[in-house]
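Peer 1: Before I ask anything, let me first share the structure, which is written out below as structure tokens.
The values are calculated or read from the model by the stated rules, or taken from the named source; none is laboratory data. Computed from a predicted model, the values in this text were never measured in an experiment. Cβ coordinates were reconstructed from backbone atoms using ideal geometry, including for glycine residues, and neighbour counts include every protein chain displayed.
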Amino acid sequence: MEQDLGGNRQPAGSFSFVPTANGTPSRSGTPNTDRNPFGDERLEPHGSQQAGGANPFASPNISRPASSFDSSSALGSQPRGQRYFHSRRVKKDEVEKPWLSKVDPKEKWVTILPIIGIFVGLAISAVLIWDGLRSVVKHKYCLVLEDNFDKFNTDVWTKEVQVGGFGNGEFEQTTNTDENVYVENGHLFIKPTLQDASLITKDNVMNLLKDGSCTSKTWSDCVAATNTTVGNSTIVPPTRSGRINSKKGATIRYGRVEVVAKLPQGDWLWPAIWMLPVEDTYGPWPLSGEIDIMESRGNNRSYAQGGNNIISSALHWGPDVANDAWWRTNVKREALHTTYSSGFNTFGLEWSQKYLFTYVNTRLLQVLYTNFDEPLWDRGNFPAANSNGTRLEDVWSQTGRYSTPFDQEFYLILNVAVGGTNGWFADSKSNKPWLDASANAKKDFWNTQDTWFPTWKSPALEVSKVSMWQQCDGNEDL
């Protein structure tokens with residue numbers, strides 16, 4: 001039992017509450033919580049005691065090492081005049097100082113040799129870079145065309161008008177109307193639209209020869225029909241679109257091309273920026289060549305073959321359609337964390353008698369690169385005869401130029417195709433609504449428009465600028 005100050009006795013083991021300065025009761029015998037829990041009496045000078053007595057749980061100052069005072073702790077900021085740790089077990093004269101001993105003269109080479117190696121490496125790198133830059137061919141270019149589309153320049157561009165599918169079984173009729181090809185706010189738009197339904201649901205004949213609007217001399221390119229007889233699958237093209245070329249106003253043999261464009265968005269759209277020869281100098285396609293600067297698909301990135309997040313470049317060349325060696329010169333490039341329909345990109349070509357390459361936005365970001373360092377006939381490794389036994393004749397090597405057939409004037413084409421039966425959209429992938437070999441391909445496509453037409457959120461190829469330069473060194477044939 002203990003005696004309290006008031007004379008009242010309390011049971012042993014009990015405790016009383018004494019009001020603090022703030023009116024909060026404290027347990028008797030409980031350490032003052034205002035003190036540092038680590039025992040560092042940081043709030044008062046060493047040796048002082050706070051009201052209420054010393055902390056009974058703190059180490060006595062006399063038993064604490066000098067290094068424990070004024071040391072850092074979890075509480076408060078570090079005071080000035082800190083005393084650093086000093087071991088009592090190491091005497092001053094016992095500390096080793098190897099740097100004061102005599103240095104071996106050979107040790108300096110440990111530093112000198114790596115430094116010499118670094119400088120030698122830098123010198124070799126500089127020489128290699130200089131030699132690489134010196135060896136880069138720098139051609140002189142003369143401007144042929146720079147179109148910013150203040151208007152549609154009919155002196156340069158021709159709107160192609162056809163219904164035959166352009167050899168690919170495409171599903172569009174290309175028109176010369178402002179509905180499908182027009183200029184607005186300084187940009188060129190090539191926009192696909194739906195065909196007039198009445199031309200498909202009723203018997204019709206579309207004959208472009210009558211009004212002279214057809215730009216082809218082939219009858220099948222100019223005439224199409226719809227036959228609603230039961231069991232007949234013939235219909236006119238289910239969509240309309242545009243295709244323009246620079247054959248009349250801008251052609252080059254060797255040089256550069258740049259097209260600044262935003263690609264369309266929509267299922268089964270097929271935008272392309274490409275070139276064909278002005279004359280079929282070496283024979284019908286693909287004997288005289290084709291240069292595909294950019295081709296893509298309007299489907300989204302989930303499409304199995306790659307949608308508008310991927311472009312491809314290719315060269316078409318070969319003795320006949322069955323032996324087109326395009327697959328030897330075909331490269332794809334994926335957009336980085338975006339799509340080619342989300343903004344404008346520059347699609348370019350640089351072409352000389354020694355090489356040809358395509359690029360996106362900068363010449364350093366190349367897509368397809370082809371060196372003309374051997375005859376293309378040899379590179380193609382073509383058979384001696386085609387499937388029907390006709391002998392295949394090499395008509396390229398006689399020129400003596402390894403770049404043949406890509407050694408003649410070419411013109412530029414911009415277009416947006418829709419569908420097709422040539423395999424650009426592979427069968428049975430991503431719910432393709434038609435089969436290439438089916439006679440009902442166009443009708444099957446038209447009948448499923450409720451699935452694909454809603455995806456045509458931005459179906460136009462939008463072009464802000466086209467530039468073409470002719471290589472004019474004066475030694476193009478060397």
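Peer 1: Filter the stretch 245-274 for residues that are among the aliphatic types (A, V, I, L, M) and either within 23 Å of the chain's Cα centre (by Cα) or over 24 Å from residue 324 (Cα atoms) (or both) and give the result.
Peer 2: 250, 257, 259, 260, 261, 263, 269, 272, 273
Peer 1: Looking at (1) within 18 Å of the chain's Cα centre (by Cα); (2) part of a loop (DSSP other than H, G, I, E, B), can you tell me which one residue 346 breaks?
Peer 2: (2)
Peer 1: Could you run through the stretch 344-386 and say how many residues are among the small types (Gly, Ala, Ser) and in contact with a Lys or Arg (Cβ under 6 Å, 6 or more places away or on another chain)?
Peer 2: Looking only at that region, the number is 1.
Peer 1: Oh, and also: Sort out which residues of the stretch 271-312 are of a type outside the set (Val, Ile, Thr) and outside any loop (DSSP other than H, G, I, E, B), and write them in order of number.
Peer 2: Hits for the stretch 271-312 are 271, 272, 274, 275, 276, 277, 290, 292, 294, 295, 312.
Peer 1: Condition (residue is surrounded by 18 or more Cβ atoms within 10 Å (Cβ to Cβ) and without any contact (Cβ under 8 Å) to a residue 60 or more places away in the chain) applied to the stretch 149-166: is it met by at least one residue?
Peer 2: Within the stretch 149-166 (the criterion being surrounded by 18 or more Cβ atoms within 10 Å (Cβ to Cβ) and without any contact (Cβ under 8 Å) to a residue 60 or more places away in the chain), the answer is yes, since at least one residue qualifies.
Peer 1: So, one more: How do the pairs read when you match residues in the stretch 115-137 that are aliphatic (A, V, I, L, M) with residues anywhere that are surrounded by 10 or more Cβ atoms within 10 Å (Cβ to Cβ) and outside any loop (DSSP other than H, G, I, E, B), using Cβ under 9 Å and keeping only pairs 6 or more apart or on different chains?
Peer 2: Final answer for the pair search is 137/355.
Peer 1: Return the residues of the stretch 275-303 that are under 20 Å from the mean Cα position of the chain (by Cα), at pLDDT 95 or above and either under 19 Å from residue 360 (Cβ atoms) or of a type in the set (A, V, I, L, M) (or both); say none if nothing qualifies.
Peer 2: Matches in the stretch 275-303: 292, 293, 294, 295, 296, 297, 298.
Peer 1: What are the pairs, 6+ residues apart or on separate chains, where a residue within the stretch 214-231 that is crowded, with 17+ Cβ neighbours inside 10 Å has its Cβ under 6 Å from a residue that is in a strand (DSSP E or B) and at pLDDT 95 or above?
Peer 2: Here the result reads 221/162; 223/207; 224/206, each pair linking the stretch 214-231 to a residue that is in a strand (DSSP E or B) and at pLDDT 95 or above.
Peer 1: Let me ask something else. Consider residue 332 against the criteria (1) within 24 Å of residue 251 (Cβ to Cβ); (2) in contact with a Gly (Cβ under 9 Å, 6 or more places away or on another chain): it satisfies all of them except one. Which criterion is unmet?
Peer 2: Evaluating residue 332 over (1) within 24 Å of residue 251 (Cβ to Cβ); (2) in contact with a Gly (Cβ under 9 Å, 6 or more places away or on another chain) leaves (1) as the failure.
Peer 1: Quick check: anything in the stretch 299-311 more than 25 Å from residue 429 (Cα to Cα) and surrounded by 22 or more Cβ atoms within 10 Å (Cβ to Cβ)?
Peer 2: no
Peer 1: Looking at this structure, is residue 306 at pLDDT 95 or above and at positive phi?
Peer 2: no
Peer 1: Let me ask you something else. Restricting attention to the stretch 232-280, and to residues there that are closer than 21 Å to residue 182 by Cα and of a type in the set (Lys, Arg), which single residue is surrounded by the fewest Cβ atoms within 10 Å (Cβ to Cβ)?
Peer 2: If we take residues in the stretch 232-280 being closer than 21 Å to residue 182 by Cα and of a type in the set (Lys, Arg), then 248 is surrounded by the fewest Cβ atoms within 10 Å (Cβ to Cβ).
Peer 1: Could you check how many residues of the stretch 395-426 are in a loop (DSSP other than H, G, I, E, B) and closer than 19 Å to residue 310 by Cβ?
Peer 2: 7
Peer 1: What single numbered condition from (1) on the phi > 0 side of the Ramachandran plot; (2) under 31 Å from the mean Cα position of the chain (by Cα); (3) surrounded by fewer than 19 Cβ atoms within 10 Å (Cβ to Cβ) fails to hold for residue 436?
Peer 2: (1)
Peer 1: Okay, moving on. From the set of residues in the stretch 201-212 that are surrounded by 12 or more Cβ atoms within 10 Å (Cβ to Cβ) and not in a strand (DSSP E or B), which is farthest from the chain's Cα centre (by Cα)?
Peer 2: Here the residue is 203.
Peer 1: Would you be able to say whether some residue in the stretch 176-183 is in contact with a helix residue (DSSP H, G or I) (Cβ under 6 Å, 6 or more places away or on another chain), closer than 26 Å to residue 265 by Cα, part of a loop (DSSP other than H, G, I, E, B) and not hydroxyl-bearing (Ser, Thr, Tyr)?
Peer 2: No: zero hits.
Peer 1: If you scan the stretch 371-415, which residues turn out to be under 18 Å from residue 274 (Cα atoms) and aliphatic (A, V, I, L, M)?
Peer 2: Selection gives 412, 413, 414.
Peer 1: Could you check the stretch 78-130 and list, in sequence order, the residues that are of a type in the set (Phe, Trp, Tyr) and at pLDDT 70 or above?
Peer 2: Across the stretch 78-130, the qualifying residues are 109, 119, 130.
Peer 1: So which residues in the stretch 313-336 are among the hydrophobic types (A, V, I, L, M, F, W, C), surrounded by 19 or more Cβ atoms within 10 Å (Cβ to Cβ) and in a strand (DSSP E or B), if there are any at all?
Peer 2: Across the stretch 313-336, the qualifying residues are 314, 315.
Peer 1: State yes or no: is residue 230 of a type in the set (Val, Ile, Thr) and under 21 Å from residue 159 (Cα atoms)?
Peer 2: no
Peer 1: Just give me the residues in the stretch 350-394 being at pLDDT below 95, among the aliphatic types (A, V, I, L, M) and part of a strand (DSSP E or B), in sequence order.
Peer 2: Selection gives 364, 365, 385.
Peer 1: Exactly one condition in (1) polar (S, T, N, Q); (2) surrounded by 15 or more Cβ atoms within 10 Å (Cβ to Cβ); (3) farther than 15 Å from residue 237 by Cα is false for residue 449; which is it?
Peer 2: For residue 449, the failing item is (3).
Peer 1: Check 247, 210 and return the single one that is within 18 Å of residue 415 (Cα to Cα) and among the charged types (D, E, K, R).
Peer 2: 247 is the lone residue from the list that is within 18 Å of residue 415 (Cα to Cα) and among the charged types (D, E, K, R).
Peer 1: Collect the residues in the stretch 363-399 that are out of contact with any strand residue (DSSP E or B) (no Cβ under 8 Å at 6 or more places or on another chain) and within 30 Å of residue 265 (Cβ to Cβ), keeping them in residue-number order.
Peer 2: 364
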